[in-house]
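The values are calculated or read from the model by the stated rules, or taken from the named source; none is laboratory data. Quick caveat, the model's predicted, so the values are computed rather than measured. Reconstructed Cβ throughout: ideal geometry from the backbone, glycine too, with neighbour counts over all protein chains shown.
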C-alpha cells in the first residue's frame, strides 16, 4: 500500500511493503517471448532481489533502472556496484547528487558514466542531462502548462527506453524522454486520456518490475 502526501509543490510517498518484492510470476515474465527489456522502477526492488539484473541478462533482456528516492537505501555505498549490468541508469538530479556525492550535474554525469553505458538524469524544469562514454549533453524542458508532476519521471523513463529500444540516436532518445515527461505533467495524475492518446505507439517489449506491483508488460 502506498500513501501519497502532497504539500504545496512537495510530494512524498510512504509505502508499506507486503513482503518480499519477488512475485511468483517473475520467471514467466522474464521468459515471455515478447519481452526484450526489463525496467526496474526502484532500487528497493534490486536490494531485495540482488540477482535480478543477472537473471534478466541471462534471459537475453536489456535492463534499465530508476533508483527512486528511498531514505533508507539511496545512500547505500554499494548501490553502484549492486547495479552492475544495468544498461540505462535513470535517476533524478537529487538522487544523482546523493549517489555520486557531486553537486554539479556534469560531474554527476561523469561519475555515473564510469559505471553505466548510458545515463540520463532528470532535472525537472531544467530539462535533463545525458552521458554515454565521451558523450555529454543537456536538453531544456519543454515550455508547457504544468498541472501535476505525478508520473512525469516514469513517463520520461518510458520515452527514453522506447526510443533506445528502437535504436534511435541517444540525443533523440533524450528528446523523446523529455517530450513524454512534458505530456504527462499536463494532466492530473500523469495518465489522463489526452496523455494516453499522445503516448501511443510504444513498443510492447518492456517488462516493468516494481516492488509494489510485480511485473507488468507496458
Q: Scan 46, 30 and give me the residue that is buried (at least 22 other Cβ atoms within 10 Å of the Cβ), more than 18 Å from residue 160 (Cβ to Cβ) and modelled with pLDDT under 95.
A: 46
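Could you please let me know if residue 112 is part of a helix (DSSP H, G or I), crowded, with 16+ Cβ neighbours inside 10 Å and either modelled with pLDDT under 95 or out of contact with any strand residue (DSSP E or B) (no Cβ under 8 Å at 6 or more places or on another chain) (or both)?
In short, no.
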Q: List every residue pair whose Cβ atoms sit under 6 Å apart, with the two residues 6 or more apart in sequence or on different chains, where the first one lies in the stretch 128-140 and is surrounded by fewer than 17 Cβ atoms within 10 Å (Cβ to Cβ) and the second, anywhere, is part of a strand (DSSP E or B) and at pLDDT below 95.
A: none
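Results for (1) in contact with a helix residue (DSSP H, G or I) (Cβ under 7 Å, 6 or more places away or on another chain); (2) in contact (Cβ under 8 Å) with a residue 24 or more places away in the chain, shown as yes or no for each residue.
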site	(1), (2)
32	no, yes
36	yes, yes
40	yes, yes
48	no, yes
77	no, no
99	yes, yes
111	yes, no
119	yes, yes
Q: Could you tell me whether the stretch 96-107 includes any residue that is under 30 Å from residue 34 (Cα atoms) and part of a loop (DSSP other than H, G, I, E, B)?
A: no
(Q) Among the numbered criteria (1) without any contact (Cβ under 8 Å) to a residue 40 or more places away in the chain; (2) more than 19 Å from residue 189 (Cβ to Cβ); (3) touching a strand residue (DSSP E or B) at 6+ places or on another chain (Cβ under 8 Å), which one does residue 124 miss? (A) (2)
(Q) Given the condition under 16 Å from the mean Cα position of the chain (by Cα), modelled with pLDDT of 95 or more, buried (at least 18 other Cβ atoms within 10 Å of the Cβ) and closer than 21 Å to residue 182 by Cβ, answer yes or no: does some residue in the stretch 65-85 qualify? (A) yes
Q) Would you pick out the residues in the stretch 78-95 that are under 14 Å from residue 124 (Cβ atoms) and part of a helix (DSSP H, G or I)? A) 93, 94, 95
